[in-house]
1. Between 136, 153, 75, 173, which is away from ligand 2 (no atom under 15 Å from the Cβ), among the hydroxyl-bearing types (Ser, Thr, Tyr) and more than 18 Å from the chain's Cα centre (by Cα)?
2. Please state which of the following conditions residue 105 fails to meet, knowing it meets all the rest: (1) out of contact with any Cys (no Cβ under 7 Å at 6 or more places or on another chain); (2) in a loop (DSSP other than H, G, I, E, B).
3. Starting from the range 128-154, take each residue that is in a loop (DSSP other than H, G, I, E, B) and list its partners that are among the hydrophobic types (A, V, I, L, M, F, W, C) and near ligand 1 (Cβ under 9 Å from one of its atoms), counting only C-beta distances under 7 angstrom and pairs at least six apart or across chains.
4. Residue 185 - would you say it is of a type in the set (Ser, Thr, Tyr) and under 13 Å from residue 33 (Cβ atoms)?
5. Could you identify the single residue in 103, 123 that is closer than 20 Å to residue 225 by Cα and without any contact (Cβ under 8 Å) to a residue 24 or more places away in the chain?
Amino acid sequence: MASTTHTPLDAGFRRHDELFERPDRETLADGAVLLRGFAASETPRLVIDLQGVAAGSPFRHMIVPGGHTMSVAMTNAGALGWVTDRSGYRYDPLDPEIGRPWPAMPESFRTLAARAAEAAGFPGFAPDGCLINRYTPGARLTLHQDRNERDFTQPIVSVSLGLPAKFLWGGATRKDKVKRIPLASGDVAVWGGPARLTFHGVDKLAEGSDPLTGRCRFNLTFRKAG
Ligand code: MD3
Ligand code: FE
C-alpha cells in the first residue's frame, strides 16, 4: 500500500509539470490531445489563406444521404476533398461544384498541421486534404465518426478559428455519454490512436462576433485520406 500512496512530494511534482512544463496540453483520451492556443499567433494568416481557398472553391451547404442540407458550410484544400451528396460520403480529387481540383493546401496550413501532430506524438504527419467548416450562429454538427479515410493509424488535426464553440466528445458508440469541451480561436486538437474513431460533434453555435472572423467560426481538419 505504501508504494501507491501519493505523498505531498508527488503532488508537488505534478503541480510543477502542469504549471511549467505543459501548461497548454490536455489529454482528453489515449491519443487525443488538446493544445490550447497552439495556433493563436497564426490565426490572421490562417484566415487570410482560408479566404484564398474559398475564392477558388466557395463554401457550400452539402446534402447528406438522407436528403437534409447541412447547417455547416464546407470547402476543401489539397489533393482530396471530403464531400457528401445524396449518394453518400467520399473523398474526391475534384470539387464537384466546378469540376476542377480543389485549391492547393496553403503552406501555412501544412506546416501548422505537421507541427501540431509532432507536438502530440505523431511525427511526419503529411495531410493530403483539409476540410474547412464554416459555422454561423445556429449551425451545428451532429454526433458522427470520421471513417472515410483509408488509414485510421493516421491522426486528424483540427484547428478552431473565430467564434468559440462547445465540442461534443463521446465514446466508441453513439450511445456513450458525451462531454462538452469549450474550444476557442487558436485551439488545436490532435485525434489519433485509440481515440481516432470516437463519436464527436459540435453543439449549436451561439450568437456572437469575433474581431477576426465576424459572426463566424471556422474549423480546419487535416486528414491523410488516401
Ligand atoms: C475526434 N469537425 O469536420 S473538429 C469534422 O469543429 C468535424 O468542425 C468539427 O468533426 C468541427 O469531421 C470538430 C474535431 C474532430 C475532428 C475529427 C475527429 C474530432 C475528432 C476524428 C476522430 C475523433
Ligand atoms: Fe468529424
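We did not get these values from a lab; they are worked out from the coordinates using the rules stated. Values in this document were obtained by computation on a predicted structure and should not be read as measured data. A quick note on method: Cβ atoms are made from the backbone with ideal geometry, for glycine too, and the neighbour counts reach across all protein chains shown.
1. Details: 136 fails: more than 18 Å from the chain's Cα centre (by Cα); 153 fails: more than 18 Å from the chain's Cα centre (by Cα); 75 fails: more than 18 Å from the chain's Cα centre (by Cα).
The match here is 173.
2. (1) is the only condition that residue 105 fails.
3. 139/72; 140/202; 145/197; 145/199; 146/156; 147/197; 148/82; 152/197
4. Judged against the criteria, residue 185 is not a match.
5. Matching residue, one of 103, 123: 123.
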